[in-house]
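*Asks:* The structure under discussion is supplied below as structure tokens; questions concerning it will follow.
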Amino acid sequence: MTQRLYRLLMLPLLMLLWAASAWADALRVGMPLPGQVPFFWRDDAGEYRGIYPDTLRLVAADIGVELKFVPLSQARLLRHFEIGEIDLEAGVSAQPDENSPLGQVSLFSRPFGLVNEVIIYRPQLSFPVFILKDLSGQRVATVRGSTVPGYLVREDFANEWQIAQRVHRGWNDIGLMKEALALHYQRNAGLEYEISLPYASNPVSFRLHRQRAELLEPMNASIERLAREGQLERLVCKYLCGTQ
């Protein structure tokens, strides 16, 4: 076999091994199913879009890591994270719990955004709705499993989309949901309701597996820089300010 022929035969193999090595080092990102616009979802081409994946792409490009998005149910995502088959989950509230298996392997980045909780209500209501205490004794549409004060009369539904539709149609007068979702449904689905000021704001972070602990410091530095330069704010506005 001539040296030229040898090189021609070996080149594809070397490229394949290089690609496999690069893919093995990629940060495996667990993405819950189903998606939740505008936070994250898969488009018709199978690409992930939304505030969370786009924020992570900015950080990944800044620190020089590749991303591999892995769609999983929320329960499977957490199980795979615990055993180290997922490296990162985006958009979680930092709740360190070192006594749980999940807490023992979790590191949390500095917050990269806020998720505001708001009240949506029919425009015809005659009383102001700005804080939860205004709703004491009122029947309120909520997401099943969510935490709300005991002085509310809750009516549970599967998700925020159901709540938004019910308030729009007048089947419920009042609902609780995330501000980003309330704005998205109002502007992109033509639903009519009023949106209160936020009654709660929850910082969200990236949950990083301890096996990739070397990335935590550069991720935090990148988030800080992106926030300082206004890039994170512009990214959120891309999805919430009606500029898409």
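*Asks:* For GLU192 and ASP156, what does the FRET efficiency come to when R0 = 22 Å and r is the distance between their Cβ atoms, rounded to the nearest 0.05?
*Replies:* In this case the efficiency is close to 0.45.
*Asks:* If you place +1 on the Cβ of every Lys and Arg and -1 on the Cβ of every Asp and Glu, how big does the dipole about the Cα centre of the chain come out, in debye to the nearest 20?
*Replies:* Roughly 400 debye, rounded to the nearest 20.
*Asks:* What are the lysines whose alpha-carbon lies under 28 Å from the alpha-carbon of LYS238, with same-chain residues fewer than 8 places away excluded?
*Replies:* Reachable lysines: LYS68, LYS178.
*Asks:* Per DSSP H run of at least 4 residues, take -39500 (n - 2.57); add these up for the chain, divide by its residues and hand me the 222 nm value, nearest 500 deg cm²/dmol.
*Replies:* Helix-only estimate at 222 nm: -11500 deg cm²/dmol.
*Asks:* Let me ask you something else. Once both labels are modelled 7 Å past Cα along the beta-carbon direction, what's the LYS68-ILE83 spacing in nm?
*Replies:* The two pseudo-label positions are separated by 1.6 nm.
*Asks:* OK, next. Report, for the chain, the % of DSSP beta bridges that are antiparallel, rounded to 5.
*Replies:* If I count the DSSP bridges inside the chain, around 60 percent turn out antiparallel.
*Asks:* Can you list which of the DSSP-assigned H helices in the chain have a Cα extent of 27 Å or more along the long axis and an average Kyte-Doolittle score of at least -1.0?
*Replies:* Length and hydropathy pass: 3-24.
*Asks:* Looking at the chain as a GNM with Cα springs under 10 Å, which of LEU176, LEU197, LEU216 has the largest mean-square fluctuation?
*Replies:* LEU197
Laboratory data are not the source of any read-out in this text; all were calculated from the coordinates shown. The structure presented is a predicted model; accordingly, all values stated were derived computationally and were not measured. Cβ sites come from the backbone with ideal geometry, for glycine too, and all protein chains shown count toward neighbours.
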